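What follows is calculated from the coordinates using simple rules that are stated; it is not laboratory data. For clarity, every value in this text was computed on a predicted model and none was experimentally measured. When we count neighbours, we look across all protein chains shown, and the Cβ atoms used for this are built from the backbone with ideal geometry, even at glycine.
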Amino acid sequence: MQQSLGVAVIGAGMAGKAHAAAYRAASTVYRPVLPPIRLVSVADVNTALGQETAARYGFERHDADWRSIVEDDAIQVVSVVVANFLHREIVEALLAAGKHVLCEKPLSDTIEDARAMAVAARAAAASGVVARIGYSYLRAPGIAFIERLIADGRLGELQHFSGRYWTDYGCRPDAPMSWRYRGPAGSGALGDVGSHLAYIAEALCGTATEVSGGRFHTAIAERPEPLGPVVGHSRGDVGEKLIPVENDDYATFNARFERCVGTIEVSRVAAGHPNTLELEIFGSRGAARWSQANPGRLEVMLLDEQDDVAGYRTVALGPAHPRYAGGWAMDAPGVGVGQNDLFVHQARAFLEEVAGIPESESLPRCASFDDGVHHMELLAAVTRSAELHGAAVPVPAA
């Protein structure tokens with residue numbers, strides 16, 4: 001095990017703050033076997049934002065240029081949390097410098113760049129460099145418990161899956177143009193929040209083999225030019241000039257998975273839904289549903305119940321469920337878990353792998369860049385289905 005690990009985060013926006021906070025807290029969850037974690041730098045071209053984030057989370061400094069991270073031998077671990085189209089250049093430079101990289105999803109805004117990044121990751125792995133992609137929702141105890149219910153047969157043979165991820169950060173026409181509204185078809189709501197539902201669905205239902213019914217819709221065709229930096233989903237001051245939106249506000253598709261079929265629907269213009277991720281899965285012996293609105297509980301229905309009390313029961317998550325015991329200072333039943341906690345567990349899992357802790361003694365590993373490419377190929381198949389007015393499109397084998 002290394003004596004210490006120097007950590008940096010490239011990107012000081014909303015998700016960047018989540019990564020910075022996660023590294024700060026990673027040593028406080030589960031068994032204290034990590035080497036000392038040194039919080040070295042937060043890099044962002046927005047100097048004021050970068051300095052504020054670095055100070056807020058206890059990092060030693062702010063860098064305006066991400067290349068300073070590449071060149072610093074005191075840094076071994078880096079999260080890349082910037083606009084998707086910037087990922088490739090930064091990640092490839094970090095890997096070439098021998099840095100361990102945790103990249104936010106999706107890997108990039110194009111499948112070509114994602115494939116190139118996976119090639120770079122495989123080459124770096126030969127030198128012991130770890131490259132992983134963050135799929136934070138797979139750390140949710142509720143989703144992990146559904147996986148257990150499927151694996152041990154309590155839900156029976158899977159029949160179908162339904163998932164939706166509705167957000168409203170783009171529902172107002174005065175929300176300024178940003179990188180989120182630029183890029184090719186499928187890089188909007190589908191790439192942003194649909195990518196989360198896609199990997200969750202495959203974790204529960206098996207690998208997707210075919211998609212159909214792809215449909216995109218851009219509800220707000222133009223957005224005002226910002227008069228300053230746009231951070232996260234903030235609005236800020238805007239000018240009178242309107243800029244065309246390039247990608248999707250709404251997307252939906254059907255999928256055939258190894259174990260069942262399902263439907264996914266995502267939106268960034270669903271007024272009144274700031275962060276509504278809900279999923280329900282049905283089997284021959286029961287069903288289960290989970291919502292990010294109440295992530296500390298799960299609803300389960302089993303068909304072996306007596307008819308007069310049959311129906312969904314609410315289960316408060318606790319130490320009896322996966323990914324819970326030891327994961328928080330208070331890990332008692334019903335205390336609850338939130339989305340920020342999932343980033344802590346993700347950072348913890350990544351640091352455990354980098355530190356050389358055996359997989360048998362660690363949290364489940366973060367996903368590989370090859371996994372990231374597969375999920376982008378799934379989204380690309382949805383895009384192709386939309387281009388073909390909903391026709392069925394095969395998903396390349398993982």
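The residues packed around residue 189, meaning those with a beta-carbon under 13 Å from its beta-carbon, carry a net charge of -2 if Lys and Arg are +1 and Asp and Glu are -1.
Mind checking the log10 I(q)/I(0) for the range 125-170 at q = 0.13, 0.24, 0.26 Å⁻¹? Debye, one equal scatterer per Cα, no solvent, two decimals. For the range 125-170 at q = 0.13, 0.24, 0.26 Å⁻¹, log10 I(q)/I(0) is -0.57, -0.98, -1.05. Considering only 161, 282, 369, the mean-square fluctuation computed in a Gaussian network model of the chain, springs between alpha carbons under 10 angstrom, is largest for 282.
Look at 266, 337, 261, 382 and count the other Cβ atoms within 10 Å of each Cβ; fewest to most, that gives 261, 337, 266, 382.
So which GluC sites (Glu not before Pro) in the range 168-247 end up in coil per DSSP with only 11 or fewer other C-beta atoms within 10 Å? List each step's numbers first, then the result.
Working: sites: 202, 210, 222, 240, 246; in loops: 246.
Answer in residue order: no site qualifies.
3J(HN,Hα) along the range 55-72: 5, 4, 9, x, 7, 5, 7, 10, 10, 7, 10, 4, 5, 5, 5, 4, 7, 8 Hz, from the Karplus curve 6.51 cos²θ - 1.76 cosθ + 1.60 with θ = phi - 60°, whole Hz, x for Gly and Pro. Give the percent of DSSP beta bridges with both residues in the chain that are antiparallel, rounded to the nearest 5. Bridges in the chain that DSSP calls antiparallel: roughly 60 percent.
Using only the Cα atoms of the chain, each taken as one equal point scatterer with no solvent, compute I(q) by the Debye sum, divide by I(0), and report log10 of the ratio at q = 0.07, 0.10 Å⁻¹. After summing over all Cα pairs, the log10 values are -0.32, -0.67. Each residue of the range 98-112 was assigned a 3J(HN,Hα) from its phi angle through the Karplus curve 6.51 cos²θ - 1.76 cosθ + 1.60 (θ = phi - 60°); the sequence is x, 8, 7, 10, 10, 9, 5, 7, x, 4, 7, 9, 9, 5, 5 Hz, with glycine and proline shown as x.
Backbone phi angles across the range 160-173, fed through the Karplus curve with coefficients 6.51, -1.76 and 1.60 (θ = phi - 60°), yield HN-Hα couplings of 6, 10, 9, x, 9, 9, 9, 10, 10, 5, x, 6, 9, x Hz in residue order; Gly and Pro are listed as x. Rounded to the nearest whole angstrom, the semi-axes of the ellipsoid equivalent to the range 5-136, taken from the Cα gyration tensor as √(5λ), stand at 22, 18, 14, largest first. Helix content alone sets the calculated 222 nm mean residue ellipticity of the chain: runs of n ≥ 4 DSSP H residues at -39500 (n - 2.57) each, divided across all residues, give -8500 deg cm²/dmol.
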